[in-house]
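Heads up, the thing below is written out as structure tokens.
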Protein chains: 2
Amino acid sequence: MALKIYGVSRSRATRPLWLARELGLEYEQVPVIQSYRLPDPAAPDAPLNTASPAFLAINPNGQVPSIDDGGFVLHESLAITLYLARKHGGPLAPRDAREEALMTMWSLWAATNVEDNALQVMMHLPAAAPKHDAARAQAAVAALRRPFAALERGLQAGGGHLVGGRFTVADLNVAEVVRYAQPAKELFAEFPAVQSWIAACQSRPAFQAMMAEREKEPA
Amino acid sequence: MALKIYGVSRSRATRPLWLARELGLEYEQVPVIQSYRLPDPAAPDAPLNTASPAFLAINPNGQVPSIDDGGFVLHESLAITLYLARKHGGPLAPRDAREEALMTMWSLWAATNVEDNALQVMMHLPAAAPKHDAARAQAAVAALRRPFAALERGLQAGGGHLVGGRFTVADLNVAEVVRYAQPAKELFAEFPAVQSWIAACQSRPAFQAMMAEREKEPA
């Protein structure tokens, strides 16, 4: 059975979708929609969504992505990418226990120190955003300066990468969280190592192919 | 050089401190205080705290715990416990790649689905809390029902444990996050598997010894 990735591309499923392309994995994407994006997720003709009983039987958290890898079901996007990288090996995977620890550390760091505020930037900063709120956006930008300073220092110490002096699943995980903050151009301008690093991550063919596929989905 | 654990016991350092006792590790605890708990962290006679330049040189995020394991510095409490468990092996550690993935998944799940609301319960629910706020506390309790339902289902499927049918670092990590919500007794009463599980986790001698040590610190 091929790898199944549950989740539309306009979701945190970007993380395993990007990684699968980096690794050249065959996979089937099951386009589960986040229920909050549907007018009536309970409607019987609604597409498969995170509130559908059929999906809740897979992930009771009602979140995407999840994967099914030959019968092994796993949730949490950043854990999924770490698992797939380790399973398939190569330069994106950890080479030893310390690299593995640092990749897990950076993934947890992004989820707990960056993601909430980065999402606030994405939702509230762009003038055209339906929920535009300059004050909330600026508070989030201000709160991101400290983690960005730590990221800057980590990238400087690591020669432009987070772990092992090469692009790994840690860069992928953190870059996909930091991406949400990219409307805050002035924030990135303050941290040149972060700016060069995310540009390098996003210039990778696997990222670009994933984003091109994502653009085909309705916004 | 022995393992150094940075952080007072009244902090997320409980996680590596509990684990170190489970594994019987020798360690030196460096009691770094969270700067927000000090009246003036910038005072030259302040104890070592998360805003001290000496500590920021170790962890630029200004958070505890961090560890130094023979020169290997690692942050993020849940990554530290996963690393130490893997390094030292035994029943708390993952036995294979799937167990490892599930342990990482549950750790990320607790950090992103439970921790913020559990901390709201801890800070605002007890009538004697300095920041008592019944409305905020009840909103957090309400928000925890969904992750608690997922945890209940996971524990039922796992025979009272999260991974591998035995107590592992995944139980330790999740239990230490869920602990913050324990003032909400009615919430736990709704989820009997969660209630039995956390009671079993907290009856472990290593947890009790860690908490006894913690009680000696000023509140």
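The values are calculated or read from the model by the stated rules, or taken from the named source; none is laboratory data. Because the structure is a prediction, the values reported are computed rather than measured. Using ideal geometry, Cβ is built from the backbone for each residue, glycine included, and neighbour counts are taken over all protein chains shown. Just the protein is used for accessible areas: all its heavy atoms, side chains included, with ligands, DNA and RNA removed. Shrake-Rupley method; radii C 1.70, N 1.55, O 1.52, S 1.80 Å.
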Within a Gaussian network of chain B (alpha carbon springs, distance under 10 Å), most fluctuating of B:GLY159, B:GLY70, B:GLY62 | B:GLY70
If you count the DSSP beta bridges with both ends in the protein assembly as shown, what percent of them are antiparallel, to the nearest 5?
-> 60 percent
Could you check which residue among B:VAL30, B:VAL177, B:VAL114 shows the biggest mean-square fluctuation in a GNM of chain B with a 10 Å Cα cutoff?
-> B:VAL30
In whole angstrom, the spacing between the Cα centers of segment A:25-87 and segment B:196-215 equals 35 Å
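Kirkwood hydrodynamic radius for segment B:97-207: how many Å is it when counted over pairs of different Cα atoms? Each step should come with its number before you reach the end.
Numbers: mean 1/r = 0.0708 Å⁻¹.
One decimal place: 14.1 Å for the Kirkwood radius.
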From the phi of every residue in segment A:114-127, what ³J(HN,Hα) in whole Hz does the Karplus formula 6.51 cos²θ - 1.76 cosθ + 1.60 yield, where θ is phi - 60° and glycine or proline is x?
-> 10, 4, 4, 5, 5, 5, 4, 4, 4, 7, 10, 7, x, 4
Given Cα pairs under 8 Å that are at least 6 residues apart, what percent is the relative contact order of segment B:97-207?
-> 31 percent
Is it possible to state the helix-based mean residue ellipticity at 222 nm for chain B, with each DSSP H run of 4+ residues giving -39500 (n - 2.57), the sum divided by total residues, to the nearest 500 deg cm²/dmol? What is it?
-> -15500 deg cm²/dmol
Whole-percent pair-distance distribution, where bins are 10 Å wide, for the alpha carbons of segment A:3-89 | 19, 52, 23, 6, 0
Yeah, the protein assembly as shown with a ≥ b ≥ c from its alpha-carbon gyration tensor (a/c under 1.5 is rounded, else prolate when a/b outruns b/c, oblate otherwise) is rounded
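For chain A, rounded, prolate or oblate, judged on the Cα gyration tensor with a ≥ b ≥ c (square roots of eigenvalues), a/c < 1.5 rounded, else prolate if a/b > b/c?
Working: a/c = 1.95, a/b = 1.14, b/c = 1.70.
Oblate, since a/c reaches 1.5 and b/c is not below a/b.
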Which of the GluC sites (Glu not before Pro) found in segment A:1-73 are in a DSSP loop and have at most 16 neighbouring Cβ atoms, other than their own, within 10 Å?
-> A:GLU26
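Ignore the peptide's own chain and count Cβ atoms of other chains within 10 Å of each Cβ in B:22-28; give me the average, rounded.
On the way: counts 0, 0, 0, 0, 0, 0, 0.
Mean shielding count: 0.
Using a 1.4 Å probe and counting only protein heavy atoms, arrange B:ASP116, A:ASP68 so the residue with the most accessible area comes first.
Working: B:ASP116 95, A:ASP68 25 Å².
Sorted by accessible area, descending: B:ASP116, A:ASP68.
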What are the residues whose amide H is under 5 Å from the amide H of A:GLN29, where those residues sit 5 or more places off or on another chain and H is modelled from the backbone?
-> A:ILE5
Size of the A/B contact, given as accessible area buried on both chains, probe 1.4 Å, in Å² | 3000 Å²
Taking the label point 7 Å from Cα along the Cα-Cβ vector, the copy-to-copy distances for A:ALA189, listed from shortest in nm with one decimal, are 5.8
State, to one decimal in nm and shortest first, how far the label point of B:ASP40 sits from each corresponding label point in the other identical copies (label point: 7 angstrom along Cα-to-Cβ).
-> 6.4
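Taking a 26 Å limit on the Cα-Cα distance, which of the listed pairs A:LYS87/A:LYS216; B:LYS4/B:LYS216; A:LYS87/B:LYS4; B:LYS87/B:LYS185; B:LYS4/B:LYS87 fall beyond it? Intermediate values should be presented prior to the final figure.
On the way: A:LYS87/A:LYS216 30 Å; B:LYS4/B:LYS216 20 Å; A:LYS87/B:LYS4 31 Å; B:LYS87/B:LYS185 36 Å; B:LYS4/B:LYS87 15 Å.
Beyond 26 Å between Cα atoms: A:LYS87/A:LYS216; A:LYS87/B:LYS4; B:LYS87/B:LYS185.
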Can you list, shortest first in nanometers, how far A:VAL73 lies from the same residue in the other copies, with each label 7 Å from Cα toward Cβ?
-> 4.2
Surface share of carbon and sulfur [accessible, 1.4 angstrom probe, percent] for the protein assembly as shown | 56 percent
Per residue of A:105-116, what is the mean number of Cβ atoms on other protein chains within 10 angstrom of that residue's Cβ?
-> 5
Applying the gyration tensor rule to the Cα atoms of segment A:175-219 (axes a ≥ b ≥ c; rounded if a/c under 1.5, else prolate if a/b exceeds b/c, else oblate), the class is oblate
